[in-house]
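Okay, structure first, notes after.
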Amino acid sequence: MLSEERYKLVSQKCQESAIDTLWEIFDPSHDLWTGFNGLGFEKFLNRRDVFLWMLERLLREGCIKLHKNGVFLKSSVEDQIKLFKKSWPDSEAASGYEDFYWWFFDPECPAGIAWRKEDGSYEISD
């Protein structure tokens, strides 16, 4: 979905940030430093797909863990991604927010991110 170079750029830029930052980085208005303009991310569902792809890859590589209210999710990566797919609104308007960014702070959002630190522990970022 993303080249290895772009994956690393996103991973580095989002390191230690909350989950909403991972969504915001795919906003085409950030094109000056991401180069994502023209990749279709201005479309809500395309942006969702690349967000979930990135989230899954970060989980599989052990870069992050997901948590809800400070409790790490114990389910498989597949099931964690399914939680997001199941709860994800069909459109930005369906989220009930003028800016979808706020959905990540809503109880409907299934989880937040904890980033792996150098010592191997995970620090909750939101």
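Remark: relative contact order (region 4-115) = 29 percent; criterion is Cα-Cα distance under 8 angstrom and separation of 6 or more residues.
Compared with the rule-of-thumb size 2.2 N^0.38 Å for a compact globular protein, region 4-115 has a Cα radius of gyration ratio of 1.02.
When the charge dipole of region 4-115 is built from unit charges on Cβ atoms (+1 for Lys and Arg, -1 for Asp and Glu) and taken about the Cα centre, the candidate among Leu73, Ala93, Ala111 whose Cα reaches farthest toward its positive end is Leu73.
Charge dipole of the chain (Cα centre as origin; +1 on each Lys and Arg Cβ, -1 on each Asp and Glu Cβ, all else neutral): 500 debye, rounded to the nearest 20. The gain in end-to-end length when the Glu78 to Ser17 segment is fully stretched comes to 19.7 nm, 0.36 nm per residue minus the alpha carbon separation.
The numbers here are math on the coordinates, done by the rules we state, and not lab data. Computed from a prediction, not measured in an experiment: that's the story for all the values here. Cβ: placed from backbone, ideal geometry, glycine included. Neighbour counts: every protein chain shown.
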